[in-house]
Each structure stands twice: as C-alpha cells, then as structure tokens.
Amino acid sequence: MKKTMIVAHRGASSLVRENTIESFKKAIEIGVDMIEFDVRRTKDQALIVYHDELMQGKPVKELTYDEISKMAKGQGYSIPTFEEVLECTSGKIRLDVEIKEEGYEKEVVELVSRYFKKDQFVITSFYDFCIKRIKDNHPDVKVGLILGISKAEHPIRTRISEFFPSRRCREAKADFLVPHRRLLWFGFLDRAKRDNKPVFVWTVNNQRKIWKMLHDERIDAIITDKPDLAISLRQRMDSRT
C-alpha cells in the first residue's frame with residue numbers, strides 16, 4: 001500500500017493555537033508530511049497567515065497589519081506574516097498554502113518560491129480562477145481545487161459541481177482535488193481515480209474515519225486538526241504490514 005500523507009490543518013491546531021509559528025513548529029516536531037495554512041492580504045498589502053475573513057468584526061482586508069497585530073496581542077497571541085512562516089518552515093517540511101481570496105496569487109507564488117522548491121509546496125483555493133491563474137503563469141506549480149464551501153450563492157448548483165467536479169477541475173487546470181469529507185459519496189473517489197486526480201480530504205479528526213481513510217488507496221492525503229493521532233494510527237498500520 002502507498003503511504004497516505006498526513007497534513008496538519010493550520011499546524012498542530014488541536015494542541016497549539018492554529019496558524020501560529022508555535023503551531024507549525026509543533027507539527028514539524030510531531031513528524032507530519034505537510035502543513036496546511038491560510039493566507040490573506042491586509043489593507044496595506046501585507047500577506048498574513050490567518051483564516052477568518054473578519055478580525056473582531058472587521059474585514060481583514062480593511063485593516064492594516066499593525067492594527068491586526070495589536071488586536072491579536074490583546075488576545076494573547078501573534079499573527080505571523082506569510083514570510084515569517086516560510087522562514088520558519090523552509091527546509092523542514094512541505095507546505096499546503098491556501099489562498100483565501102483572489103488577487104494576490106502572483107505575490108504568493110513568488111514569495112514561497114524564494115524559500116521552497118516547486119516540489120516542496122502546493123497551493124490550494126476554493127476559487128477556480130485563482131488556481132487557474134497560477135497554473136497559467138506557473139505551470140510547474142501544483143494547484144488543488146478545494147471543494148465543500150459552506151455558504152454558496154447557488155447551493156444546489158454548487159453542491160452538484162462539488163460531487164461531480166471533473167469539468168471544474170479541467171477548466172481550472174487543477175492538479176488535485178481537496179474535498180470535504182462529506183463529499184465522499186456517489187462514487188466521488190472512483191471518479192477522481194479515473195480522472196487521475198489525487199485526493200486530499202479535509203478536515204478529518206475522528207479516529208475511526210482516519211483509520212479507514214489510511215487504508216483507502218484512493219485517498220492520497222488526510223488533512224487533520226489532530227496530526228499526532230493520525231501519525232500514531234499510521235505507525236500502527238505500518239507495524240501490522
């Protein structure tokens with residue numbers, strides 16, 4: 001059996017605050033294969049590692065990095081810049097960089113390429129045009145289309161396109177698919193295999209489900225908040241083979 005990759009969702013987020021330097025260092029210590037994190041751009045064009053669209057009720061894109069930093073420090077933590085994360089992780093781990101909005105793909109690719117070789121990172125997004133833009137300009141960069149958006153403008157049409165993403169994947173030039181675990185129905189994995197598209201499943205935290213997915217050769221990576229649990233289960237599986 002092939003080895004299923006363990007991807008630490010926002011770092012070791014069940015052990016340390018998500019999307020922080022401490023969380024990424026912990027994930028590396030645990031021995032994960034890859035770290036996933038989110039990139040946003042502030043009002044003053046700083047690229048930061050932060051998941052939510054809002055910070056204390058205000059859009060991140062309408063706040064400066066200094067304003068965001070002060071808010072975070074008031075809550076007892078620090079929000080790292082994208083470059084700080086790259087400096088911390090370079091040469092230690094592979095990265096799954098999720099771009100949260102369209103418009104700064106070029107900056108992300110250029111910056112991560114300074115610290116990592118092309119086979120050491122992937123870029124993912126919910127936005128088809130975002131990953132297509134990257135692929136058009138950087139064909140050697142691997143990109144993944146994330147599926148499972150929580151709030152869609154056209155819910156039924158969107159959900160159908162997620163269960164049956166072949167056309168979207170082809171038009172966006174995605175190299176792999178990143179479905180939410182609830183989309184693995186109606187032959188999703190078999191279709192992805194026929195299309196020769198690797199599958200990274202998010203976000204899987206249940207022990208039984210992690211164990212089952214580790215044994216499914218159609219799944220290439222498991223994205224989890226509990227990388228320590230996933231690593232221990234994979235080690236247990238390896239010891240039995």
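Scoring Lys25 on the criteria (1) of a type in the set (Lys, Arg); (2) assigned to a helix (DSSP H, G or I); (3) under 23 Å from Lys132 (Cα atoms); (4) touching a residue at least 40 places away in the same chain (Cβ under 8 Å) leaves a single failure, condition (3).
Checking the structure you have, find out if any residue of the stretch 187-196 is surrounded by 22 or more Cβ atoms within 10 Å (Cβ to Cβ) and either at pLDDT below 95 or farther than 21 Å from Leu15 by Cβ (or both). Steps first, answer last, please.
Here is the first cut: in the stretch 187-196, the residues surrounded by 22 or more Cβ atoms within 10 Å (Cβ to Cβ) are 192.
Now narrow it down to the ones that are either at pLDDT below 95 or farther than 21 Å from Leu15 by Cβ (or both): 192.
For the stretch 187-196, residues surrounded by 22 or more Cβ atoms within 10 Å (Cβ to Cβ) and either at pLDDT below 95 or farther than 21 Å from Leu15 by Cβ (or both): present.
Kindly indicate whether Glu36 is crowded, with 18+ Cβ neighbours inside 10 Å, acidic (Asp, Glu) and either free of Cβ contacts under 8 Å to residues at least 60 places away in the same chain or out of contact with any His (no Cβ under 6 Å at 6 or more places or on another chain) (or both). Taking the combined requirement at face value, the residue does not satisfy it. When Lys209, Lys226, Lys173 are checked against the criterion of being at pLDDT 95 or above, surrounded by 13 or more Cβ atoms within 10 Å (Cβ to Cβ) and under 29 Å from Pro139 (Cβ atoms), a single residue qualifies: Lys173.
So, of the residues in the stretch 1-55 that are touching a strand residue (DSSP E or B) at 6+ places or on another chain (Cβ under 8 Å) and among the basic types (Lys, Arg), which turns out to be nearest to Lys212 (Cα to Cα)? Once the filter is applied, the top-ranked residue is Arg10.
Among residues of the stretch 22-33 being buried (at least 20 other Cβ atoms within 10 Å of the Cβ) and in contact with a helix residue (DSSP H, G or I) (Cβ under 8 Å, 6 or more places away or on another chain), the one that is nearest to Leu233 (Cα to Cα) is Val32.
Across the stretch 150-168, the qualifying residues are those that are exposed (fewer than 15 other Cβ atoms within 10 Å of the Cβ) and under 19 Å from the mean Cα position of the chain (by Cα), and the one among them that is nearest to Met34 (Cα to Cα) is Ser150.
Of all the numbered requirements in (1) within 19 Å of Arg234 (Cα to Cα); (2) modelled with pLDDT of 95 or more, Lys3 misses one, and that requirement is (2).
Within the stretch 184-206, being more than 20 Å from Ile123 (Cβ to Cβ) and under 20 Å from the mean Cα position of the chain (by Cα) holds for Leu184, Phe188, Leu189, Val204, Asn205, Asn206.
Which of the helices (runs of 4 or more DSSP H) contained wholly in the stretch 40-131 include at least 1 residues that are crowded, with 18+ Cβ neighbours inside 10 Å and touching a residue at least 60 places away in the same chain (Cβ under 8 Å)? Spell out how you get there, then give the answer.
On the way: elements: 65-74, 82-89, 105-115.
Per the criteria, 82-89, 105-115.
Quick check on Ile146: is it buried (at least 18 other Cβ atoms within 10 Å of the Cβ) and either modelled with pLDDT under 95 or under 19 Å from the mean Cα position of the chain (by Cα) (or both)? So Ile146 fits the description; yes.
Filter the stretch 133-162 down to the residues that are of a type in the set (A, V, I, L, M, F, W, C), in a loop (DSSP other than H, G, I, E, B) and closer than 22 Å to Met5 by Cβ and list them by number. Even if it seems obvious, please write down each step before you answer.
Taking the stretch 133-162 first, the residues of a type in the set (A, V, I, L, M, F, W, C) are 134, 141, 143, 145-147, 149, 152, 156, 160.
Keeping just the survivors that are in a loop (DSSP other than H, G, I, E, B) gives 141, 149, 152.
If the condition is that a residue be of a type in the set (A, V, I, L, M, F, W, C), in a loop (DSSP other than H, G, I, E, B) and closer than 22 Å to Met5 by Cβ, then Val141 is the only one that fits.
The values are calculated or read from the model by the stated rules, or taken from the named source; none is laboratory data. Note that this is a predicted model, so its numbers are computed, not measured. Ideal geometry is used to build each Cβ from the backbone, glycine not excepted, and the neighbour counts take in all protein chains shown.
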